[in-house]
Structure formats: C-alpha cells, structure tokens
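Heads up: the structure comes next, in structure tokens.
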Amino acid sequence: MSPHKYGRALIASLLAATAATGAHSQAATSQLFIAKSAVRSGSTFTSATIQAQQKDDDLNPGMLWVDQGRELFAKDCTNCHADAKGLATKLPRLHTDGSVVTLEKQIHHCQTERVKKPAYAMEGQPLLALTTYLAFSSRGLAQQVPANITQSAAWQRAHNEFTRVQGKLDFNCRACHDQLYGKRVRNQNISQGYGVGYPAYRVEWQMLGSLNRRLRACFFGMETVVPAATDPILADLEFYLVWRAQGLPIEAPAVRR
C-alpha cells in the first residue's frame, strides 16, 4: 500500500472508531485530551539528525533570521524595550475587544504607531527575522496563558475549528494531533501540534516560516478551504495552541522536516 493510501486508511479507521465519542468530546469543551505528563515537543517526533540540527545554533539555519532580527530590534525597538527576553511569552494575547493579538500583529502596531514606519509584509524577511529573534530570546520560557482562557470567545471559536470535521477527508485537527500523534501519514511523523517551535525552519519549505503559514499548510493538507493569512481564525488557533501546550517551553527557531 502506498504511503498516501495508508494515510487515508489510517485516518478513516480512526474517525470510524471515534465517531461514537464525538458528542462527548464536543460537550467537554474545556478538557484537554492529552495529559500534561504526556505533552511532547514537536522536535521529539523528528529524526535524530533534525533534532541535532535544531539544538546546535551553529547548524540551525533559523539562526540566520535570529541574527537579522537582533539588528532590527536594536535599531527600532530598544527605545521601548531594554531587553527582548520574555516579550514573546506575552503573546498571543486577548485584546479588550475580544480579538487575538499575535506577535506579528503586535509588531505591526509598534511599527506603525510607535516607530512610525510602514508595517512589514506578512511572511516577509524583516517580520520573520524580528519574530524569530523575539521567540529565540524567550527560548526555554513558557507562554503565558490567561486563567479564564476557556471562557473567551476566541478560545471557543478556535475549539470549534479544531474539532470541526471538514474537507474531502472528513477530518479535523484533533483527530490528527490528539489521537494520531506518533503515527506516520504521507511519510511524516504526526506531532501533537503545538506552536512553541515557531517561527521554524522547515526542510520542505527550504526556509523559515511562521506558525500562521504552518496552520494554513495544515488546512491544505486536510484538503479543505485554506484561510487567508489575515483570517482571524488563524490568530484564534494560535491562542488555542498555547492553551493546549500546557506550559511547554518556547524552542524557536525549531527545525522541522
């Protein structure tokens, strides 16, 4: 059986087996499926070679963006921020209007309102460099999670999206990252789906990319409608993934296959 057909068969059998419990999982909306003791970084699902490359800053290609971001931070950000450490742990966060402010959105705000310069392009080199440097500066620290996160509309929107069956495969995010992790589909090991390694250098991209880009790639992989990069649901999902990670430390820039 080809890897592609095996992946479809694996997904189909899982969905059939879990269909009877779908109503229960939807009702228990604030329950985490993976116990905290079982939470694993995405790097643990990669090969020994990839793990070694991520751990060695001299070999990790993401460090090129870190170096560029360090220069941008020194040039434009130090008037407000004496130290970059810990800044990335505060994002994503909830705005007073209920929307989610991601690291990229916060940089856009600072760039236009404080630095008085044009906003960086999404997935452009300057924005990737600055977000990577900020995440790297908080490496080893956990992102902050509001105590009432599961009561927010953003969390509920993201939860609904994470558990919604969609696309040609009749599939959802939870089936993959809460129930299939550790399996191989389409020649890749499935992780538990956390965002703590992003921005990350992906071998398949041959460059570094944001969590926003990775989420859109997931929608593409499910053979469903891919949201635009500016769609609020992607920010909601980033917020939701912080809750799912249960204090897993930031490890950006990660290296992924």
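Quick notes on this one:
- In the range 127-142, the residues that are part of a helix (DSSP H, G or I), in contact with a strand residue (DSSP E or B) (Cβ under 9 Å, 6 or more places away or on another chain) and either open to solvent by 40 Å² or more (accessible area, probe 1.4 Å) or β-branched (Val, Ile, Thr) (or both): 132
- In the range 136-156, the residues that are over 14 Å from residue 90 (Cα atoms) reach residues that are hydroxyl-bearing (Ser, Thr, Tyr) and open to solvent by less than 50 Å² (accessible area, probe 1.4 Å) with C-beta atoms within less than 9 angstrom, at least six apart or across chains, in these pairs: 150/29; 154/99; 154/240; 155/29; 155/240; 156/29; 156/150.
- Checking the stated criteria, residue 119 turns out not to satisfy the condition of being closer than 20 Å to residue 212 by Cβ and open to solvent by less than 10 Å² (accessible area, probe 1.4 Å).
- Condition check for residue 13 on (1) hydroxyl-bearing (Ser, Thr, Tyr); (2) modelled with pLDDT of 95 or more; (3) within 23 Å of residue 191 (Cα to Cα): one failure, at (2).
- Of all residues in the range 108-126, exactly one satisfies the criterion of being within 17 Å of residue 234 (Cα to Cα) and assigned to a helix (DSSP H, G or I), namely 108.
- If you go through the range 33-51 and keep only what is over 13 Å from residue 251 (Cα atoms), open to solvent by 50 Å² or more (accessible area, probe 1.4 Å) and outside any loop (DSSP other than H, G, I, E, B), you end up with 36, 37, 48, 49.
- Screening the range 184-203 for residues that are of a type in the set (D, E, K, R) and at pLDDT below 95 and picking the one that is surrounded by the most Cβ atoms within 10 Å (Cβ to Cβ) gives 184.
- Odd one out for residue 145 among (1) in a strand (DSSP E or B); (2) in contact with a helix residue (DSSP H, G or I) (Cβ under 7 Å, 6 or more places away or on another chain); (3) not polar (S, T, N, Q): (1)
- Taking the range 152-183 as the range and being surrounded by fewer than 20 Cβ atoms within 10 Å (Cβ to Cβ) and assigned to a strand (DSSP E or B) as the test, only 166 passes.
- Positions within the range 78-107 being assigned to a loop (DSSP other than H, G, I, E, B), surrounded by 12 or more Cβ atoms within 10 Å (Cβ to Cβ) and either among the small types (Gly, Ala, Ser) or in contact (Cβ under 8 Å) with a residue 40 or more places away in the chain (or both), in sequence order: 84, 85, 86, 91, 92, 99, 102
The values are calculated or read from the model by the stated rules, or taken from the named source; none is laboratory data. Predicted model only: the values in this text are computed from it and were never measured. Note that each Cβ is placed from the backbone with ideal geometry, even for glycine, and that neighbours are counted across all protein chains shown. What goes into the accessible areas is simple: the full protein's heavy atoms, side chains included, and nothing from ligands, DNA or RNA. Shrake-Rupley method; radii C 1.70, N 1.55, O 1.52, S 1.80 Å.
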